[in-house]
Each structure stands twice: as C-alpha cells, then as structure tokens.
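Here's the structure we're looking at; comments come further down.
The values are calculated or read from the model by the stated rules, or taken from the named source; none is laboratory data. Computed from a prediction, not measured in an experiment: that's the story for all the values here. Here the Cβ positions follow ideal geometry from the backbone for every residue, glycine too, while neighbour counts run over all protein chains shown. What goes into the accessible areas is simple: the full protein's heavy atoms, side chains included, and nothing from ligands, DNA or RNA. Shrake-Rupley method; radii C 1.70, N 1.55, O 1.52, S 1.80 Å.
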Amino acid sequence: MQLITCPWCGPREEIEFSYGGQAHVPYPADPSALDDEAWARFVFFRDNPKGPFTERWVHTAGCRRWFTAVRDTRTHRFLGTPRMSTELTS
Amino acid sequence: MSRVDGYGRIDRTRTVTITVDGVAYTGHPGDTVASVLLAHDARPATTSVKLGRPRGITGSWTEEPTGLIQVEEPFPEPMLQATTVEAVDGLVVRGVNGQGRLSQVADHARYDRRHRHTDVVVVGAGPAGLVAARDAARRGEDVVLLDDRPAPGGSLTGTEVIDGRPALAWVDDVVAALAASPTVTHLQRTTAFGHHDDGFVLALERCTDGRTRQRVHRVRAARVVIAAGAIERPYVIEDGDRPGVVLASAARDLLHRHGVLAGREVVVATTNDSAYAAAVDLRDAGAAVRVVDARDEAPAAWARRCAERSIGITTGATVRGTRGEEHVTAAVVGDEEVPCDLLLLSGGWTPTAHLFSHVGGRLAYDAGIGAYRPAERLDGVEVVGAANGTLALADVLREAGGPDAPTAPAEEAAPPRVLWRAEGDPARQFVDAARDATVADVARAVAAGMTHPEHVKRYTTIGTAHDQGKTSGVLAVGIIAELTGRPLAELGPTTFRPPYTPVAFAALAGRERGDLFDPVRTTPLHGWHVAAGAEFEAVGQWQRARYYPRAGEDMTAAVLRECAAVRGGVGIMDASTLGCIDVRGPDAGELLDRLYTNMMSSLKVGRVRYGVVCGNDGMVRDDGTVLRLADDRFLVTTTTGNAAAVLDAMEEWLQTEWTDLRVRLTSVTDHWSIMAVAGPRSRDVVGAVFGDLDVSNDAFGFMTWRDTVLDGTPVRVARISFSGELAYEVHVSAWHAPAVWDRLVAAGERYGITPYGTETMHVLRAEKGYPIIGQDTDGTVTPHDLGMSWAVSTKKPDFVGKRSFARPANRDPARKQLVSLLPDDAATLLPEGSQIVELRADGRLPAPPVPMLGHVTSSYRSAELGRPFALALVKGGRDRVGETVHVPVAGELVPARIGPTVLVDPEGARRDG
C-alpha cells in the first residue's frame, strides 16, 4: 500500500484516497455549442499515458479535499502533489 | 532416542509431552514437532498428496516441503509444517496427506493488529540483521527488528566465531544491547510476510501467551533492511523424496538447535562447501559419515578436517538415487549402493530475496552461486548478507556493518558446482515433493510448448504448494534451462508474491469479524422496531425494518396487510436512513440548478420539489426531494444507499469545477430522524399530535413543509408522499425521535396505525410507478427512460447531463423504458431480473440467440390490485403499452401485458386525502 502525500494532511495510506482520473479536463464552457463528437470526447475519453500523468485525487477518508498529483504510471511513484491552483473559496 | 548430550539449545531440565498420530512423545522446551519426532526416530504419518508416497521431514524451518501436520489441540489448524510448530505441552497433531481440515468450531482466540511507524525495519535477526539493527540503534534511529524463529541468531549454529568469541555469545550481547535501547522493538516468532510500496512491511507474530493467538504488525518504515538469509536446496535425484533424505543444513540445525542426531550412518551429497560443516558436526556427534562431492576436488581445509575424523570423501561423483521402502536404507553412488539411514543433500543456497521481489526489485541470475539474487538498488530498501547472495560469514558481517563491523575468521572457500539434477530416470526425479512433480512433468510441460518458468509452474504446479517452492523453485528453472537450452539469465525466477509464508485469514481479519466485520448503522428507533418484532434488511450499512410479521404471518402476508393498512387507513415508517445534506450559501440555489435536471432556485421557501441528479453521461445517479429552508439554505434528501456518493459528487463539482460558488455542504443524515406517516387517516394523526399545526389541505398543501414545536422540541413536517396517499414526513432531531414516534403511534391507535417496513414501502411506490434508483435503474437509464421528462428542465441553459440528452443514442425511441408488466394469469410473481422475450407471429420463440427486450426490475404482490405486478425496462416500452410479451419463469414462458407505470390511482386523487 502506497503512501500518498495529501497536500493538506501530509502522507497517508492509499486506502484513504479515491482516484478522480485525468486532471485539467475542464467542464466545457458551453456544452450546447459542442457537436456530439466533441461532447463525447469530454464525457468518455481520457488520456492513458505510460509515464508521468497529471491526475486528480481526493482524500476521501481524511480532509475530503481534492488535489492534483503527477504520478508515473509505470512505477506508481508520485512526482508531486501540489495543492490545487483553484482552491475552494468560502 | 537420537538425542545427543551436549548439543542443542533446548531446556533439558523440563519435559513437554505432545501427541502425534495418537502416540505420546516427550520433548523439551525449544523443540519443534519435527525435532521431537526425529529424537524418537519417528516421523508424522504423511504420504504425498497425489501418489501416496511416504513422506518424512526434509528441512528444519519454513522451507519444509514434506512434513505436513494438522494441529488438533489446542485449536484445529490445517496444513502446518512439523518443522515450524513448537512443541508445547498438550499439543495434539497428526500427519496429513497434503490436505488439511479447517476447524468446525468457532475460533475464540483473539487475533490482533498493531501499527508501527519507524525509521528502519530489519527483517531477520541473523548476523546481518543484528549488525544492521545494532548500527541503526547506535545512530539513535527507531528500529523494528523482526525474526521468524523463536530465537535470534539466524543461521548461526554456535560453532562459528565472531569478534573472537563464540558466535552465540556475540548474539546474546547484541540482543542485550538492543533490549537496552529505548528506540528498538525486537520481535521474535514474527514473520515479515509482505513488503509493499513505501516501506510498508506486514509481519505475523505468533504469540505464546495471553488471549491473542496471532498479531499482524503493519510496519511503515523509512528504510527496509532485508537480512532474511538464504535457503539451502537439494539437487534432484531418483527417489529423493524418500524419508531420510534431508537438507544438509537442516541436519546441522537439528543437531545444534535441538540436540537431535538425525542419522547414524550418513551420506552427505553436496555441490558446495557448506555441507562439509554438516558432515563434520554430525561425525563429531557420533555418526559415521561419507561425503560425495560433485566437484572434482574437495576443498583443502574441509578435506583436512574430514581426514582428521575418518570421513571418507568421494569427489567428482553424485548420489543419483536412494534405496529403501518407508525410509532410506542406501544412497546410490554410480553403481554402488552405500548403506545409510540418512542422506543429506546440498545443491547450493538460494537467497531469500522474496521481500525484495515483493516491491518489484529485479533479481538476476548469478552463475557463481547458481541462484537469483537482487540486481538493482531500490530507494529505501537494502538487502544484506545471504539474502543478497553473500554467503560467507566474514563477508556477511562486512556487508552489513561497514568499517566497524564485527569480524569472523576468513574461510578459504572453493566455488560451488551448479548442479540441478543427477543422472537418472526423470519420472522418479521429484523436483517438488510437495506436489509430486517430477523432471518428467517439467519435460512434458516443455514438450507442450511451455518454456517460460511461469507457464511451467502453472502446468506442473511446481512451487504452488504450502512452501511456495522455497527449495524447488530454482531447481525447476534450472531443469527448464537444461531442457530448453536457454540460459538461466534469460529465464528468470517465477514472481514472488506475498505472503512469504501462509497467513491465516483470521489473522488478517484481526478483530474485524463478527459484529465488528463492518459497521452497522441503526436509527434512533431501532429498539422500537426490535420490540415490535420487525424483520430487518441491510441497506448499505443500515439496518432497516423490512416488515413487522404478526403471529403466523410470513413476509407475503405481513406485507399485504401493511400495504392494505396504508392505502385504507394509516401507516408509519422509519425513514431516518434517507440521506440528508444541508446545502447552504448564497449560491446554494445555483449549485442545485446545475446538479439537478429541474429548476431548484425557483423553489419558494416553505416548499418541496422532487429532483433527479444525472451524471455527465445523462444517466440517472440519484433522486430525492429538496426542501427550501431559507433563501440561502436547502435540505436535500438522497436515497439511503447513495447519501455519501451524492455528497461526494457535490463536493467534487464545488471543489474542482465551480470553485466560484459560495456553498457549504454538511451531511445531516444522522442528525435528522424522519418518520413517514402515510394513508388517508394520516392527517388525523399528524393533526392530533401537532396541535399548533393547521393540517388542512388549504393551509398545508402537497409538497410544502411547516415548522412546529412539540413540547418544546422543534419539528418539521412536510407533505411528501412516496405511496401516492396523503402522507407526511415528520423530521425531528434524532435525540427526540423515539418520543415523537411514540406520540404518533399513540395518536394513531384509534385509526389502527400500522408500522410498515421497507418491503411495503417498495410495493406502494411501485404501484405508483416511482422508481428506486439502483433497483429500477442501472446506470444506463435516463430520466426520459423513466418517463420523467417532466422533471427535466427545458429552460435551463445547462445542467449536468443535459448535453448528453441530445446525443442520438439517448433519443433512440428503441431505448429501454420503464413500464409495468401484468402477468396474464394474474397469479405469477415474475422474478426480478427475469429477461423479457417476444414470440414471433407464429407464436413460437425466435431461434437462439433469442433477442432480449429487457428485464424485470421490481416485482411484488399488490393488495390494492389483488394480483402480482412488476416494473420492467423494455425496449421502446412506452410505445408498446397494451402488447403482450413473455417472461421465462421456471422453464415456462409466462405471458404478460405491458402497461403504464402508474397502476394505482393514476389520476393522483388520493394525495390530498
């Protein structure tokens, strides 16, 4: 079981986290302006690289905060878990 | 008796008695079942799993492939090795033929778990591990030292010299120093069985006192030092599985640990220097010994020691087979049969690199030792000593300890010969005695085209027994190499996976079993339901009252009665498990508009609206009601099983996409208790209990809520119906739920108020065509498929899932749609999950594969309709209302008519009472 460093809580065991897939896939500004293929690409298609991958994680059993992380999909090593640039505002 | 005076680390002042296969044997503290048996020239009554060949003791620890026993007392445990079970008074075991038997009675022992965080974990308390632990402790590091044997020292027998003193005295000194260090935890009888990412080591401690039988240590270490030693392997000979054929190191171990001389006439067959130590030690203990060295020349120092002791050496020769029936009587060397009662085999040493391999460490073939050893550096992992392929004690100490390491006299050493098998009949050469698998079996696998060790392993089962091929694994690879002509460097060992040794599920479960297996959530009214005789069902972690049977009632009768009571009078149900989320903030309405398919921001304070939540794919994820409590505050309810998922989804949108929205989410599921009072007389009951509330339809209309107070307790009442009847939801703080529930029940008494459970609730809602998300839907169903286009806003520019509704696949009129099904015979209860088929015009089934139109999602008996009915997802279902389809039930095709989803009160006349 890996240790994953939550940017808010520090290193915690993997089972405390949930995976959120590829990061930086923004919800389209105007979905109705997209044709069916472009919309389907947003809903169903994600990158699957061999190597560093920027992805979303959430500390489900901890602070319940989302963060982005760069992980090498070949080794599962986390290369960094910065706080999300767009933090939750109050 | 084969016990030798002056040898062994057993406590001869005390005696223990164990029973093996019905015979009582005496031994001493420090003995194993194997050493007790060998001390009495006995063996467990075991034969091999497939061929029924006699089996004896082969090893001295966890490498043991043959001496399998079943413990009967103190508590049944299947398939243990006689070499690893310590002899304690009262132990009762019997030999097993490769198959154990689980206990038939509950295990009342405690299994425990302990978490440890440390700078360094050292696996193995042999010379390498002790040096590593000592050095780390001297640096002030937190150290966890784990060793699977009862006593530290590893392979040291006591004949070695470290720092000029007997090795075991050195061990005692180091152990004492570690014990005095406040930063060291030293655990014996603790097997590190798994090594995972980021310094995570799982270890099983076999406890010897107290209530806890075993304990799993979950160790997280910044640095892992693997000093697990090496395991001797034999070379493969004809009938090498016969009792009396033993590993050379095991015989030496038996002598020095347990004072047992395993034979009087000993032949030592070796490919390397290490077995000479066994030859010399056994000779000194009184045995007659002859060495057969596969190498052309005997190592000079050992040859001299042998000569001093009249130990004959035959070089350039191998033992190629054995003679005997139940026990070995001779070793076959060339054409000669050498009489013996013990044949020791040494084919070299295999580093115990399992824990290195567990974390993906690469092993490479080292022709110098004829084995695979660690071949790369991993961050935070060190492999030292024999586990790293460093076999000579002096080298081990230097490798583990650096410049100020303890020293041992250098031994002149001759290189081993790498030998996998002697000449002989492949069908009688057992590679894995635990699996009765021979060289012929390997050859058969190779002939069948399997040349990779992983494939051969699966074909022959070599290495898949309780011992996981600790002695046989590399032999199999060597023999594959011979048969295929491919070098071992290319083949590689089979993958080592945790656990290193078998671990009981009970140990892994720890205390999380029985009532503690999974958390159980009960509502504040649970005690009332129990007292009322409710039958419960698990909904997620919740225990919900399913129905309340009266004397003589089965579930069908009870549910029909409860349904009739609600539709004809009044019923009350505990709905406290509904997920409740408090959504608060200036943008709360905006958030809900984006998440729900319909408009929520337009909801007026005091009103309630039903809503549907979809995913981006347009498929229904959840549904529920939304109460607007204030301009900036909503109470959202979710289905019982989905509460956490809905909250998580809301959080995800808020945190990752709509970070500009000023909204806070709070789970209040456990805060509120919700009681549903439903039926035409519900107004009378609610009106009687909450005197301050005007319950008239004009003052308190459908889908509105009102606050009131009962004896100083704030109560919220909402006109929400999940049955189509006039109904109220009473929300009250969980603390006050039992009191309020009692008041409602008391007030309802004169109307025959009937508590009803989830089963009745399901029937009542299905009669009205209300879907249950997750039962009538499966993640491929849109609101439109459910006939809920009315709940999908056409005004809002966007909401989650909207764009997907416009995809051609989602507008296909042939999509599966929710409909009702009424079996023509008005008697058959269509099983949920049944497929729905259509007959051809000629009244017969189409040829297979028969096209499936859909399936039954809900099916019940209806008191109101006086017949069974079902809900189903059917292709193009709404356009087929009135048509007949067929449902296979118990081999018969049952005709059923497709109907609209709402079967009871389609006009909705009952909701206002």
Quick test of your reading of the structure: B:L661 fulfils all but one of (1) crowded, with 21+ Cβ neighbours inside 10 Å; (2) within 14 Å of another protein chain (Cβ to nearest Cβ); (3) part of a loop (DSSP other than H, G, I, E, B). Name the failing condition by number. (1)
I need a count of the residues in the stretch B:587-623 that are charged (D, E, K, R) and either farther than 29 Å from A:R41 by Cβ or assigned to a loop (DSSP other than H, G, I, E, B) (or both). 5
Since B:I162 meets every condition but one in (1) touching a Ser or Thr at 6+ places or on another chain (Cβ under 7 Å); (2) closer than 30 Å to B:D5 by Cα; (3) buried (at least 24 other Cβ atoms within 10 Å of the Cβ), which condition does it not meet? (1)
For the stretch B:485-510, which positions are crowded, with 16+ Cβ neighbours inside 10 Å and over 19 Å from the mean Cα position of the chain (by Cα)? B:L488, B:L491, B:G492, B:P493, B:T494
Within the stretch A:1-48, residues being part of a helix (DSSP H, G or I), more than 15 Å from A:R64 (Cβ to Cβ), of a type in the set (D, E) and under 17 Å from the mean Cα position of the chain (by Cα) number 1
Could you check the stretch B:283-295 and list, in sequence order, the residues that are in contact with a helix residue (DSSP H, G or I) (Cβ under 6 Å, 6 or more places away or on another chain) and in contact (Cβ under 8 Å) with a residue 60 or more places away in the chain? B:A285
Please give the number of the condition B:G334 fails out of (1) touching a strand residue (DSSP E or B) at 6+ places or on another chain (Cβ under 8 Å); (2) open to solvent by 60 Å² or more (accessible area, probe 1.4 Å). (2)
Flag if B:E652 is within 34 Å of the chain's Cα centre (by Cα) and within 14 Å of chain A (Cβ to nearest Cβ): yes
Residue pairs qualifying under the 7 Å Cβ cut-off, at least six apart or on distinct chains, with the first in the stretch B:573-594 being more than 15 Å from B:L627 (Cα to Cα) and the second being among the polar types (S, T, N, Q) and open to solvent by 10 Å² or more (accessible area, probe 1.4 Å), are B:D574/B:T523; B:S576/B:T523; B:T577/B:T523; B:T577/B:T640
Can you pull out the residues in the stretch B:116-136 that are in contact with a Pro (Cβ under 9 Å, 6 or more places away or on another chain), within 16 Å of B:A192 (Cβ to Cβ) and either of a type outside the set (A, V, I, L, M) or part of a strand (DSSP E or B) (or both)? B:G126, B:G129
I'd like to know if the stretch B:606-616 contains one or more residues that are within 42 Å of the chain's Cα centre (by Cα) and among the hydroxyl-bearing types (S, T, Y). yes
B:R149: more than 30 Å from A:R12 (Cα to Cα) and at pLDDT 95 or above, yes or no? yes
Test B:S2 against the criterion of being among the polar types (S, T, N, Q) and within 20 Å of B:A250 (Cβ to Cβ), and give yes or no. yes
Determine whether B:T901 is part of a loop (DSSP other than H, G, I, E, B) and crowded, with 16+ Cβ neighbours inside 10 Å. yes
Within the stretch B:790-807, the count of residues that are more than 12 Å from A:A40 (Cα to Cα), assigned to a helix (DSSP H, G or I) and facing another protein chain (nearest Cβ under 10 Å) comes to 1
Looking at the stretch A:7-15, is at least one residue open to solvent by less than 40 Å² (accessible area, probe 1.4 Å), within 7 Å of another protein chain (Cβ to nearest Cβ) and not hydroxyl-bearing (S, T, Y)? no
Answer yes or no: is there a residue in the stretch B:51-62 that is assigned by TED's automatic domain parsing to the domain that holds B:P76, in contact with a Leu (Cβ under 8 Å, 6 or more places away or on another chain), outside any loop (DSSP other than H, G, I, E, B) and more than 15 Å from B:D89 (Cβ to Cβ). yes
Unmet criterion (only one of (1) among the β-branched types (V, I, T); (2) open to solvent by less than 40 Å² (accessible area, probe 1.4 Å); (3) under 30 Å from B:Y7 (Cβ atoms)) for B:V144: (3)
Matching residues in the stretch A:21-55 - criterion: being surrounded by 17 or more Cβ atoms within 10 Å (Cβ to Cβ), at the interface with chain B (Cβ under 9 Å from one of its Cβ atoms) and at pLDDT below 95: A:A23
Could you run through the stretch B:199-216 and say how many residues are open to solvent by less than 20 Å² (accessible area, probe 1.4 Å), more than 14 Å from chain A (Cβ to nearest Cβ) and not polar (S, T, N, Q)? 2
I'd like the full set of residues that are surrounded by 24 or more Cβ atoms within 10 Å (Cβ to Cβ) and more than 17 Å from B:R206 (Cβ to Cβ), limited to the stretch B:61-90. B:E63, B:P65, B:T66, B:G67, B:L68
Taking the stretch A:56-71 as the search range and keeping residues that are within 21 Å of B:L665 (Cβ to Cβ) and of a type in the set (A, V, I, L, M), which one is farthest from the other protein chains (Cβ to nearest Cβ)? A:A61
Starting from residues that are in contact (Cβ under 8 Å) with a residue 60 or more places away in the chain and part of a strand (DSSP E or B), keep the ones in the stretch B:693-715 and report whichever is surrounded by the fewest Cβ atoms within 10 Å (Cβ to Cβ). B:T704
Which one is most open to solvent (accessible area, probe 1.4 Å) among residues in the stretch B:520-537 that are within 17 Å of B:T669 (Cα to Cα) and either among the aliphatic types (A, V, I, L, M) or not in a strand (DSSP E or B) (or both)? B:V520
Considering B:R878, B:R910, which residue is surrounded by 17 or more Cβ atoms within 10 Å (Cβ to Cβ) and assigned to a loop (DSSP other than H, G, I, E, B)? B:R910
If you check A:P82 against the conditions, is it surrounded by 15 or more Cβ atoms within 10 Å (Cβ to Cβ), modelled with pLDDT under 95 and more than 8 Å from chain B (Cβ to nearest Cβ)? no
Enumeration of residues in the stretch B:882-898 that are part of a loop (DSSP other than H, G, I, E, B) and within 48 Å of the chain's Cα centre (by Cα): B:A890, B:G891
Hey, any hits in the stretch B:808-820 for a residue that's among the small types (G, A, S) and in a helix (DSSP H, G or I)? yes
Could you check how many residues of the stretch B:770-789 are open to solvent by 30 Å² or more (accessible area, probe 1.4 Å) and either within 26 Å of A:A38 (Cα to Cα) or within 14 Å of chain A (Cβ to nearest Cβ) (or both)? 5
